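The values are calculated or read from the model by the stated rules, or taken from the named source; none is laboratory data. A quick note: this is a predicted structure, and the numbers were derived from the prediction, not measured. Virtual Cβ from ideal backbone geometry, glycine too; neighbours counted across all protein chains shown.
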Amino acid sequence: MEKITHNKKRRRLFHVPCFLPAPRLRRAGMFRENGYTILELMVVVSIVSALCFFVAFGLIKVKLQFALSHTAYQFEQNLRKTQEMSLLTNQYKDENGQLQPVAGFGGYIDLSQNNKEYTLYADHVPGNQMYNAINEDYLVSTVKLEPGIIIAQIQNIIGDQVSINFKPPNPITSIQPLPSQNRICVVFAIESYPDHMKRVSINTAGLIEVLDGQNCNDTIDSSSSESAPPTEQP
């Protein structure tokens, strides 16, 4: 009797109760097995994909905005560089390393040929204060814009071409063709979002600046034009 009782206690000690639902309760839907339905997974994947799209779209737009600002300020700095070169020297070292006399330095844009680059040049002696490849002006460099950025227009001139020239030693600033106001504006824009623009203003007194949120003729640089050296047009 004692042996039988001991075996019963052992079986009770290792007994694991099982509470499985009855088949009827399963069919009635009162119990649900672990896991997700295909519909739920599709909804989650759609939401994640949409979020990734909007994040990527926002990053691309921010990158283009940065490229637009960088392009405008780089153009300003390059024009200032040619202006400073005309202050320091009237010579240019050509592609053969020979010093050549020049009548000035400047920048040139031709939208009819390419709206994604501009030219920096040295004006060949005797000089006509504008870029002319036929006149053997020296090509200092061709600057390509950031990807996705274009030169949308040149305000205050007639036509698609402009030369901004700085003649030593003052230097004297000349803009060809002659602007209708006392300055021109080179308008840079995002190619896929043309309403996002940056303007670089160059006035006939030699002041170069990036306009933030201004139109080309919102302000008049009368004080600058009075204190700066006079302009010269050929």
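A few points about this structure:
- Some residue of the stretch 143-157 being more than 21 Å from LEU64 (Cα to Cα) and exposed (fewer than 14 other Cβ atoms within 10 Å of the Cβ): no
- ASN165 vs. criteria polar (S, T, N, Q), within 22 Å of LEU68 (Cα to Cα) and touching a Ser or Thr at 6+ places or on another chain (Cβ under 8 Å): no
- For the stretch 43-54, the criterion of being touching a Phe, Trp or Tyr at 6+ places or on another chain (Cβ under 9 Å) and part of a helix (DSSP H, G or I) is met by at least one residue.
- Filter result for GLU117 (of a type in the set (Asp, Glu), surrounded by fewer than 21 Cβ atoms within 10 Å (Cβ to Cβ) and at pLDDT 95 or above): yes
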